[in-house]
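Since the structure comes first, as structure tokens, the remarks are kept for the end.
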Amino acid sequence: MIGRLNHVAIAVPDLAAAIAQYSGALGANVGAPQDEPDHGVTVVFIELPNTKIERLYPLGENSPIRGFLDKNPAGGIHHICYEVDDIAAAREQLTASGARVLGDGSPKIGAHGKPVIFLHPKDFNGCLIELEEV
Ligand code: CO
């Protein structure tokens, strides 16, 4: 069911430093910061030849990234995102297998303007998984 790796997301305590490091030392093609109020994050995407890296920074008081950075002050890998053809069918298959979808279970529009859902990390070896319909 899952297709390509769409991106790996890394939470960062300092967005400007993260941008400077990826565009400078790592020589990557870094996009402009985007605020995502529905998700409580500011994101920056780094385009690699075969996938993307998403840098996540808290936006607003109730950002889900805030707690993650409290536990991981230096930042760290927050989630990985797989592509799916049909998010409703993917959710159906996953919930039937016992996996939990975060939030109210309905897809939200993600950073690329496409529907996304997140799967509970406790059901996937401690890894938060995002599914994006492409
Ligand atoms: Co993501």
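The values are calculated or read from the model by the stated rules, or taken from the named source; none is laboratory data. Quick caveat, the model's predicted, so the values are computed rather than measured. Cβ atoms come from the backbone with ideal geometry, glycine included; neighbour counts cover every protein chain shown. Just the protein is used for accessible areas: all its heavy atoms, side chains included, with ligands, DNA and RNA removed. Shrake-Rupley method; radii C 1.70, N 1.55, O 1.52, S 1.80 Å.
A search for C-beta distances below 7 Å between a residue of segment 1-15 that is without any contact (Cβ under 8 Å) to a residue 60 or more places away in the chain and any residue that is more than 14 Å from the ligand (Cβ to nearest atom), counting only pairs 6+ apart in sequence or on different chains, returns 15/33. Among the residues of segment 31-47, just one is touching a residue at least 40 places away in the same chain (Cβ under 8 Å), farther than 19 Å from residue 17 by Cβ and assigned to a strand (DSSP E or B), namely 36.
Within segment 120-134, the set of residues being among the aliphatic types (A, V, I, L, M) and within 12 Å of the ligand (Cβ to nearest atom) comprises 128, 129, 131.
To keep it simple, each residue is scored yes or no on (1) closer than 18 Å to residue 12 by Cβ; (2) at pLDDT 95 or above; (3) not small (Gly, Ala, Ser).
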| site | (1), (2), (3) |
| --- | --- |
| 55 | yes, yes, yes |
| 77 | yes, yes, yes |
| 88 | no, yes, no |
| 110 | no, no, no |
| 125 | no, yes, yes |
| 129 | no, yes, yes |
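For residues that are charged (D, E, K, R) and buried (at least 20 other Cβ atoms within 10 Å of the Cβ), scanning just segment 37-66, find the one that is nearest to the ligand (Cβ to nearest atom). Among those that are charged (D, E, K, R) and buried (at least 20 other Cβ atoms within 10 Å of the Cβ), it is 54. If you go through segment 99-134 and keep only what is among the β-branched types (Val, Ile, Thr) and assigned to a strand (DSSP E or B), you end up with 101, 109, 116, 117, 129. Would you pick out the residues in segment 67-82 that are surrounded by fewer than 17 Cβ atoms within 10 Å (Cβ to Cβ), of a type outside the set (A, V, I, L, M) and either within 13 Å of the ligand (Cβ to nearest atom) or free of Cβ contacts under 8 Å to residues at least 40 places away in the same chain (or both)? Correct list: 67, 70, 71.
Pairing residues of segment 118-133 that are without any contact (Cβ under 8 Å) to a residue 24 or more places away in the chain with residues that are open to solvent by 50 Å² or more (accessible area, probe 1.4 Å) and more than 16 Å from the ligand (Cβ to nearest atom), at Cβ distances under 9 Å and at least 6 apart in sequence or on separate chains, gives 120/100; 122/100.
Look at (1) open to solvent by 70 Å² or more (accessible area, probe 1.4 Å); (2) within 24 Å of residue 18 (Cα to Cα) and you find that residue 134 fails only one, number (2). For residue 127, the criteria (1) surrounded by fewer than 18 Cβ atoms within 10 Å (Cβ to Cβ); (2) out of contact with any helix residue (DSSP H, G or I) (no Cβ under 7 Å at 6 or more places or on another chain) hold in every case but one, which is (2). When segment 5-26 is examined, which residues are found to be within 16 Å of the ligand (Cβ to nearest atom) and loosely packed, with under 13 Cβ neighbours inside 10 Å? The answer is none; no residue qualifies. The set of residues from segment 83-117 being out of contact with any helix residue (DSSP H, G or I) (no Cβ under 8 Å at 6 or more places or on another chain), within 15 Å of the ligand (Cβ to nearest atom) and open to solvent by 50 Å² or more (accessible area, probe 1.4 Å) comprises 102, 103, 108, 109, 112, 113, 114.
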